[in-house]
1. Within 10 Å of each residue's Cβ, count the other Cβ atoms and sort 93, 320 from fewest upward.
2. May I ask you to derive the relative contact order of the chain, considering only C-alpha pairs under 8 Å and at least 6 residues apart, and to give it as an integer percent?
3. To check you understand DSSP bridge types, tell me what percent of the beta bridges within the chain (both residues inside) are antiparallel, rounded to 5.
4. Take peptides 193-203, 164-174 and line them up by average Cβ neighbours within 10 Å, highest first, as a rough protection proxy.
5. Whose amide H sits under 5 Å from the amide H of residue 363, counting only residues 5 or more places off or on another chain, with H placed in the peptide plane?
6. Note the listed values [x] 23.6; [y] 31.1; [z] 39.8, then indicate which one is mean projected area of the Cα convex hull in nm² calculated from this particular structure.
7. Label residue 267 and residue 86 with points 7 Å out from Cα along Cα→Cβ: what is the distance between them in nm?
8. Please list 3J(HN,Hα) in residue order for segment 71-78, calculated via the Karplus relation 6.51 cos²θ - 1.76 cosθ + 1.60 where θ = phi - 60°; whole Hz, with x for glycine and proline.
Amino acid sequence: MSWEKEVEELALRRAMAEKMGGAEKVARQHGRGKMDARARIAALVDAHSFREIGKIAGRGRYGAAGALEDLAASNFIFGRANIDGRPVVASADDFTVRGGAADAALHRKFIQCEAMAHEYRLPLIRMIDGTGGGGSVKTLEDMGYTYIPAVPGWDQIIQNLDEVPVVALALGPTAGLGAARVVASHYSVMVRGLSQLFAAGPAVAAAIGDTLDREELGGVDVHTRNGVVDDEVASEAEAMARARQFLSYLPSSIYGRAERKHSRDYVNRRDESLLSAVPRDPKQVYAMRRILASVVDQGSLFEMGARWGRAAITAFARLDGYPVAVLASDPSFLGGSWDAKTSEKAERFVKLADQFHLPIVHLVDNPGFMIGGEAERAGTIRYGVQAMNAIYRAKVPLASVVIRRAYGIAGSAMSNAERFQYRFAWPSGDWGSLPIEGGVEVAYKSELEAADDPAAHLQAIRARLNRVRSPFRTAEKFGVEDIIDPRDTRPLLCEFAELAWRAMP
């Protein structure tokens, strides 16, 4: 006697689950320019690699004789898959089933998804669309009672943040628990025109007098500029491509190593343009991203968080195939000064690099912490010290290249001064406890007041100080380890990357 009848029922239930919220709601999802949940998973992972877990979980409807008539699928899909040949846990909210609301959710599926990533040390990708199993006012009437809020399985989310790479793609309006699941990640992305994120949506916000539409309340221009979400993209396909690229630089968990990839770039490649990359006029800006792209393996630079904390560039890259984390100043924004948001961004990125064992390369042009009333009100010094603490606490090897300025406490945050300084300076290097331009009048106030021609005397003082500030004077005292030809930056950083990876446990 076989079990063919039950196997046929299994196939029927699977087919019912694949209908998701039904043809009409799936068509409505597509009509909004959005992929459905199953199409999203197929687009994200390697072809034919997805094995769904709990596919037939949902709510069955039965006839009088007890026969199954229909199955309303759960609004959450997850399973094991591969990305670039590596196993991952992939998940997607199904907005076609009650918009992702709690009355269509099976919270045990959420918990098991997170638990699988944690216990098997696998990267986790969440594709979030809706409340992500969060609350619905209608649910309260159906239940007949209210409850004290809690998030089942949140401890699993925290464990994953501690141990495996977590990526969150916001692929529609996400509120409440859905928004929290986006933020509880190492890398997050929103799609312009498609994604919005809020603690509570416009209808609820209107109750406190904020009459804003979705974009004004929680669109990409809000959250990719305040640091809540890392990046914005133009399409779902681009979001998935960035998720795959982000994961390519990281190990599967903190218990492993990131992979070295074969590089077609020459270790000893020297870019002639670097010799004139930094202008002689100290007030003139230049393109730090061009320098970055020149010294790392060609085509390997992956920047995250470009739209917030803009005085710092945070990116992953490869040097002779070795993955590294790159922190760099951007003199085109605030002159490279670290404000509160920049400091917060630097701290978070350094902690991420240290957590997943990636050596850090720091390209420095930092005139100091941002000053002035607004900077003080924003608590810049607190955020700045926290960023400095992260650099000092990091256990991974760090190499710094002083491209131009390094002043004050912020300048000293280039590296841990108590460790071996794997450091190079370009001839354009300019450093000190504070910029000479801003301190001469204060330091020589009485002398200038007594001078017959204060303006001429000030020029003479500056000329003397400019001779002293030569980086070669610092090198004489071993105050900086090496001054290099800018064209040698790539070969020396590739040397650092090899030694750093040899030293990694």
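Coordinate-derived values only; no laboratory data. Quantities reported herein were computed from a predicted structural model and do not represent experimental measurements. Cβ: placed from backbone, ideal geometry, glycine included. Neighbour counts: every protein chain shown.
1. 320, 93
2. Values: 978 pairs, mean separation 44.1, N = 505.
In percent, rounded to a whole number, it is 9.
3. Here the antiparallel bridges make up roughly 40 percent for the chain.
4. 164-174, 193-203
5. Here 327, 328, 329, 401 satisfy the definition.
6. Correct label is [y].
7. The modelled label-to-label distance comes out at 2.4 nm.
8. 10, 8, 5, 4, 8, 9, 10, 8
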